[in-house]
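Comments concern the structure below.
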Amino acid sequence: MIMPFDLGPGTATLLGFALLGAAFVRGYSGFGFSAIFIAFAALLTNPLPFIPVVFACEIMMTAFQARGIRAHVDWHRVGWLIVGAAIALPFSVSVMLSVGEDTARIAISGVIVLMALLLLSGWTLQRRIGALGHGSVGVLSGMCNSAGIGGLPVAAFLSAQPVQAAGFRATMIVYLTALDLITLPLLWLGGLVTRDTVIAALMAFPILGLGVWLGGRRFLAASPAAFRQSAVLLLLMLSALGLIRAMVT
């Protein structure tokens, strides 16, 4: 069987296990899938062709989760976050190219590390954040998404607020899906979406379903306090992974 992107059997197998693990994290927390998989792929091969694949996977995973999250989505937050992201996305690729992806990842990941450490101390935002604040975070998220880590600033932002676990997870899932729906056409215009992209996404489908199902079962068994701590630790791990990847490549 011919693998997409000229992958060898060994590399494809390892990426399949990484896909399963990343899908489990997405099923549990609502975010982290793209950051985990792209960081792992970078250790084995050129990760650039996989960016549109993981965005397509994010959209497919939402189809698995839609029924269980619909009632918990904070549509007001999602709306303003998307407005901000939509403003930034057309410019984010050119900015990323001008400063370099590794430089951008170091800057973004460094900020997220500090934010995660602050959140682990128990600090939270006490004042309600309005439309301008959510839109501003959306702009930052849109700028980050060209590097495949657009969900991390939003996850850190929501973690600092008194958001219930089900609402956090559902809002992150819907926001990331909308973000990817906007980003994919831009990647297509840039020539990153190919026949291999479609083949890889179709091959990933059953693995995604299993990972999301297992992660969803874990979420239902978690307490709100445990979920928040897990989300913050995941942020810390992903941002540290981004720093390591940027510095060793």
Listed residues ILE82, ILE207, ILE149, most fluctuating in the chain (Gaussian network, C-alpha, under 10 Å): ILE207
What is the range 1-98 by shape, rounded, prolate or oblate, if you read a ≥ b ≥ c off the alpha carbon gyration tensor as root eigenvalues and call it rounded for a/c under 1.5, prolate for a/b larger than b/c, and oblate otherwise? oblate
Grab the Cα-Cα distance for HIS76 and ASP6, subtract it from 0.36 nm times how many residues apart they are, and report the gain in nm with one decimal. 20.9 nm
Can you tell which of GLN65, GLN161, GLN126 shows the greatest fluctuation in a Gaussian network model of the chain with Cα springs below 10 Å? GLN126
Within the chain, which complete DSSP H helices have Cα atoms spanning at least 20 Å along the helix axis and a mean Kyte-Doolittle hydropathy of 1.6 or higher? 101-120
Fully extended contour minus Cα-Cα distance, from MET203 to GLN164, at 0.36 nm per residue: 10.6 nm
Once you put a point 7 Å from the Cα of ILE59 and another 7 Å from the Cα of LEU20, both along the Cβ direction, what distance in nm separates them? 2.7 nm
Report the extension gain between TRP188 and SER136 in nm, rounded to one decimal, defined as 0.36 nm multiplied by the number of residues separating them, less their alpha carbon distance. 16.1 nm
What distance in nm separates the simple spin-label points at ARG218 and LEU125, each placed 7 Å from Cα in the Cβ direction? 2.7 nm
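Values in this text are rule-based calculations from the coordinates and carry no lab data. All values derive from a computational prediction rather than experimental measurement. Every residue, glycine among them, receives a Cβ derived from its backbone with ideal geometry; neighbour counts consider all protein chains shown.
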